[in-house]
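See structure below.
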Amino acid sequence: GDSLINQFSLSAVFQIFLTLLSFSYVAKALAGIFMKISSTQIERRFEISSSLAGLIDGSFEIGNLFVIVFVSYFGSKLHRPKLIGIGCLLMGTGSILMALPHFFMGYYRYSKEINIDPSENSTSNLPNCLINQMLSLNRTPPEIIERGCVKKSGSHMWIYVFMGNMLRGIGETPIVPLGISYIDDFAKEGHSSLYLGTVNAMGMTGLVFAFMLGSLFAKMYVDIGYVDLSTIRITPKDSRWVGAWWLGFLVSGIVSIISSIPFFFLPLNPNKPQKERKVSLFLHVLKTNDKRNQIVNLTNQRKYITKNVTGFFQSLKSILTNPLYVIFVIFTLLHMSSYIASITYIIKMVEQQYGWSASKTNFLLGILALPAVAIGMFSGGYIIKKFKLSLVGLAKLAFCSATVHLLSQVLHFFLICESKSVAGLTLTYDGNSPVRSHVDVPLSYCNSECNCDESQWEPVCGNNGITYLSPCLAGCKSSSGNKEPIVFYNCSCVEVTGIQNKNYSAHLGECPRDDACTRKSYVYFVIQVLDAFLCAIGLTSYSVLVIRIVQPELKALAIGFHSMIMRSLGGILVPIYFGALIDTTCMKWSTNSCGARGACRIYNSTYLGRAFFGLKVALLFPVLVLLIVFIFVVKKKFHGKDTKVSENERQVMDEANLEFLYDSEHFVPSAEEQ
């Protein structure tokens, strides 16, 4: 009877743990995806560059690296459920900390205020072309005008997002490795893969929910609930639009904190039999003898620690002098860097190249790209099992994956849209001639007497198809007022280029992309989905390669060192240097109320595409060369030997592939999960 009760207790506690771990995986996915898809929104809200936004994005990995060694070594020796609970609590706290600046920065201003009484509606005393129209475009609530310079600019409030993301990285570290080890220790023989698959499948629902919620929040104005939305004249397609980025972090933070609470009430061991409790009484009698032995044990422990440290450095030297392992680390780093760049900046790329809103991009990523990756990962696992691929076969599969990814980047060069025709950036203000540089383009006779603020970004689209930086710089004399859609009339710069058109008008907002560019956008996304599917098939081989090219006793160290390199040189640095590259293609920077440079308003889409895809090609070409060298060395080292994947290694691969897919930060497999 007691054994039946104990078995029931084991089953109940273990099932509760699985349920809670699944919930924590959902929370983990929400926070990770929200960070990726909110990067552009954060960039605009805090008036920062893409490289700085990339640093904020990489702070998650910085936090993770702070505690990964502690968790890996001490985690299994401590109370794992409570450590996971603490991790979820920290993760939730970090997410909420990331959202806090929204509540302290004041309202978001996407337009410069004009400090003139809005009740005046006369044009007789206006010194330039469009003062009264700008008054009618005073889109910001009047309460904001009284704010001071520091309050307006947001100062350095982005530091809270940086610290919160770092704290989230610290909190997320114990969840996966300790959760997997707990399942592996207490699951029935041969059932651990099934349980891990179930937990990760639940985590997948978190990824889908994150993209769907991200799409919804991106359509909501950042100050929803605080300002009259009828006064907001920009749309989600506007380069100044900021969605409710903070709402995602608030939701994920609350979910994470709720998921943490039950873990504190779970036992260290789900099955502590009665016999073990009786033995504890006997152990109490032996406590005196234990104290006597403590001095001897302390001396032995010191020798043991010294031996361990020496052994660690010897093991590290062994894997770093292994040519196959070194080549593997280098080409996987280069390969993964390309993927990290894609997932970090895909929304910005699609927005700038094709004019899609962040909401639309998030939605399509959630319903098309993510399932394609999932199907590809499981298809890759099936292929490896079905054909029982050898080590050379796995390397060839990885080579095919890298080749497909490289070809897709080359194809993207043919899908780059020409930069928009923008008077003052790509054309002269009269729209008649292209300019060599977007810097300090001189005014034209059509707007030279308007006394316009050239730093302002209030784009209008002339009926000649040219975008102007502001109604004033378009030479417009009148407008439809607050009546939507807002149209500006008698625009002298539009008149110069619209000889056959008597209606020299412009409407608020940038000119849309032409039909040819729109068609390219759909081809681009189809290629992205196919690339995600085909590459995911090949990338499954990486999780097995890393454990086959080192000695069995060095497997854990090899995986851990590989993970550290991926996170430090990939997860942290890639968003920064790709962001810095993107910044170099900016044509128009915003200026905050203090006159400092803010976020980029418009990029040269031609240069942006060439630079972004060019750097990815530069990363991927050496991958192919290194993989050819890798295959050659493997053939030379293992010729005539059986290098096929064993059953145990296939099980490791299954678990690693699930984690590879689930890694919500950049879809890179973490070492500790294996």
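The values are calculated or read from the model by the stated rules, or taken from the named source; none is laboratory data. Being a predicted model, the structure only gives us computed values, none of them experimental. Methodologically, a virtual Cβ is constructed for each residue, glycine included, from the backbone with ideal geometry; neighbour enumeration extends over all protein chains shown. For the accessible areas, the whole protein counts, side chains as well, though only heavy atoms, and no ligand, DNA or RNA atoms are used. Shrake-Rupley method; radii C 1.70, N 1.55, O 1.52, S 1.80 Å.
Key figures for this structure:
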| item | result |
| --- | --- |
| Filtered residue count, the range 158-195, keeping only those that are touching a Gly at 6+ places or on another chain (Cβ under 9 Å) and open to solvent by less than 40 Å² (accessible area, probe 1.4 Å) | 13 |
| Check on R567, among the basic types (K, R), within 19 Å of the chain's Cα centre (by Cα) and crowded, with 17+ Cβ neighbours inside 10 Å | yes |
| Sole exception among (1) surrounded by fewer than 12 Cβ atoms within 10 Å (Cβ to Cβ); (2) β-branched (V, I, T); (3) at pLDDT 55 or above for T332, by number | (1) |
| Scope the range 404-424; condition open to solvent by 40 Å² or more (accessible area, probe 1.4 Å) and polar (S, T, N, Q); matching residues | S421 |
| Flag if M202 is more than 15 Å from K28 (Cβ to Cβ), touching a residue at least 40 places away in the same chain (Cβ under 8 Å), open to solvent by 40 Å² or more (accessible area, probe 1.4 Å) and in contact with a helix residue (DSSP H, G or I) (Cβ under 9 Å, 6 or more places away or on another chain) | no |
| Extreme residue, modelled with the lowest pLDDT, among residues of the range 299-329 that are among the β-branched types (V, I, T) and touching a helix residue (DSSP H, G or I) at 6+ places or on another chain (Cβ under 8 Å) | I319 |
| Filter result for L554 (buried (at least 20 other Cβ atoms within 10 Å of the Cβ) and of a type outside the set (S, T, Y)) | no |
| Subset of the range 582-599 (residues that are in contact with a Ser or Thr (Cβ under 7 Å, 6 or more places away or on another chain), not acidic (D, E) and not in a loop (DSSP other than H, G, I, E, B)) | I582, T591, R597, G598, A599 |
| Close pairs from the range 447-459: first under 12 Å from A474 (Cβ atoms), partner among the aromatic types (F, W, Y), Cβ under 7 Å, at least 6 apart | N447/Y429; P459/Y468 |
| Any hit, the range 161-184, residues being in a loop (DSSP other than H, G, I, E, B), touching a residue at least 12 places away in the same chain (Cβ under 8 Å) and hydroxyl-bearing (S, T, Y) | yes |
| Residue in the range 378-398 that is assigned to a helix (DSSP H, G or I), open to solvent by 60 Å² or more (accessible area, probe 1.4 Å), in contact with a Lys or Arg (Cβ under 8 Å, 6 or more places away or on another chain) and modelled with pLDDT of 85 or more present | no |
